[in-house]
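Worksheet for the structure shown next.
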Amino acid sequence: MARNCHSERSGPIFLPFAKRMSVRAVEESQLIVNSAVERSTRACGLRKPTIVIRSASRKSLNLPRGLCYFIYFLAQATMPKAKIFITHPLYPEAQTLLQSVCDCEFWSKQDRPPKEEFLRRIKDKEGLVCLLTERVGDDTLRAAPKLRIVSNVAVGYDNVDVPACTRRGVLVTNTPGVLDETTADFAWALMLAVARRVVEADQYVRAGNWQGWNFDQYCGTDVWGKTLGIVGFGRIGQAVAHRAQGFGMKIIYNSRKRIAEDIEKQLSAEYRDMNALLAESDFISLHVPLNGDTRGLFDAPKFFRMKPTAFLINTSRGPVVDEAALVHALESKKIAGAGLDVFEQEPFIHPGLKRPNVVLAPHLGSASTETRGRMANTAAQNIAAFFQGQRPPNPLNPELLKP
Ligand code: GLV
């Protein structure tokens, strides 16, 4: 049974204060200030207090406004903050927000925390801010019995077992909406790089091999005017389509659900079933989340249906593509090339992918300083809201929150 994970925290904090004020509503050793403080602080224009003393009774105390301010600030100043573990220093703005609300322990080494160390650090923590490299499953949850929220600093959350978290009443949040344009830029960077052979040419020049202009040197493939097939047409897929309009491309897409007609019109995008998209596209860009339906989505039969002149671009998740099948398609020239930012078993790169017609990147889709800052802030806002008794902006299992 999922326990409700609303962030009320209980404790005897008001008890001595209450005695001094001769407040009569003390019941079973717990002070009953919940509804009165909540109502009065709201009336004072304050947010719901961080600390709400739970009580057996819901009697109103009708405390005066000034006293409520006093109680509110006293409570904030004296109640111990929730302990959280953050697996990266993030950025100063996010750090400041987290530290204003929580008792923070940051992992500051470059390398990811080893599993044992990670489990040791979260043992007594109520909150976890983690990156997509941390796996949060049953073992993590068993090791962290006090855990109430996992704030993933990524939009994809295949690293977190959300159903297991839900079963244990642990809220999970992510960072949607802040990285769409940056990730779309990177899909385009890969597409242009592989089509126009930018990496090969760069290596050639750097190696000092260039002897002068040559009519036939590093001729690539045009991107403009070609057909772009987008698989997964959410925010990032649409941002990729938006850019394609500037390149005069024909845009076709496939997704679980067909999108609204007005958006199709705006983006000049036409829906295709998967087989039609595979057959028509000169470039295919993947933008689906990784889940049971999309794992291994791009397999041998799909490569077989692609044009031999077509390129595959993947900035979604590595396991969406069957890498062995992709290597085979490249080796047998079933497709022309690929631009890959994500891999089946990061950071392992299948040796068959290290070829001139494949551009490789170390999972950089959202890696601009501005966007990583926005992701860090969003993750911090999710945590801060939760421990302030507010609704976090991006819950993935909102059924755990009070309506
Ligand atoms: C990056 O890959 C993300 O999911 O945010």
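Contact map, the range 216-227: first residue on the phi > 0 side of the Ramachandran plot, second residue surrounded by 12 or more Cβ atoms within 10 Å (Cβ to Cβ) and not in a loop (DSSP other than H, G, I, E, B), Cβ cut-off under 6 Å, separation 6 or more or different chains; pairs are Tyr218/Ala201. If you go through the range 214-265 and keep only what is assigned to a strand (DSSP E or B) and of a type in the set (Lys, Arg), you end up with just Lys250. Which residues, taken from the range 362-403, are more than 16 Å from the chain's Cα centre (by Cα), crowded, with 18+ Cβ neighbours inside 10 Å and of a type in the set (A, V, I, L, M)? Scanning the range 362-403 gives Ala384, Ala385, Leu400.
Would you mind stating whether Arg317 is within 27 Å of the chain's Cα centre (by Cα), farther than 24 Å from His242 by Cβ and within 16 Å of the ligand (Cβ to nearest atom)? No: the conditions fail for Arg317. For the range 355-365, state whether one or more residues are assigned to a helix (DSSP H, G or I) and of a type in the set (D, E, K, R). So far as the range 355-365 goes, no, none of its residues is assigned to a helix (DSSP H, G or I) and of a type in the set (D, E, K, R). Contact annotation: residue pairs with Cβ atoms under 7 Å, 6 or more positions apart or on different chains, pairing a residue in the range 352-373 that is of a type in the set (Lys, Arg) with a partner that is within 16 Å of the ligand (Cβ to nearest atom), are Arg372/Ser366. Ala193 meets all of the listed conditions (1) touching a strand residue (DSSP E or B) at 6+ places or on another chain (Cβ under 8 Å); (2) in a helix (DSSP H, G or I); (3) within 16 Å of the ligand (Cβ to nearest atom) but one, namely (3). Just one of the numbered conditions (1) without any contact (Cβ under 8 Å) to a residue 24 or more places away in the chain; (2) within 16 Å of the ligand (Cβ to nearest atom); (3) buried (at least 16 other Cβ atoms within 10 Å of the Cβ) is not true of Ile349: (2). In the range 198-210, the residues that are part of a loop (DSSP other than H, G, I, E, B) form no Cβ pair under 9 Å with any partner that is at pLDDT 95 or above and among the basic types (Lys, Arg), whether six or more places apart or across chains.
Those strands (runs of 3 or more DSSP E) of the range 79-188 in which at least 3 residues are surrounded by 23 or more Cβ atoms within 10 Å (Cβ to Cβ) and within 16 Å of the ligand (Cβ to nearest atom), considering only elements entirely within it, cover 149-152. Just one residue in the set Thr221, Thr175 is in contact with a helix residue (DSSP H, G or I) (Cβ under 8 Å, 6 or more places away or on another chain), among the β-branched types (Val, Ile, Thr) and within 26 Å of Gly373 (Cα to Cα); that residue is Thr175.
The values are calculated or read from the model by the stated rules, or taken from the named source; none is laboratory data. Given the structure is predicted, the values throughout are model-derived calculations rather than measurements. Note that each Cβ is placed from the backbone with ideal geometry, even for glycine, and that neighbours are counted across all protein chains shown.
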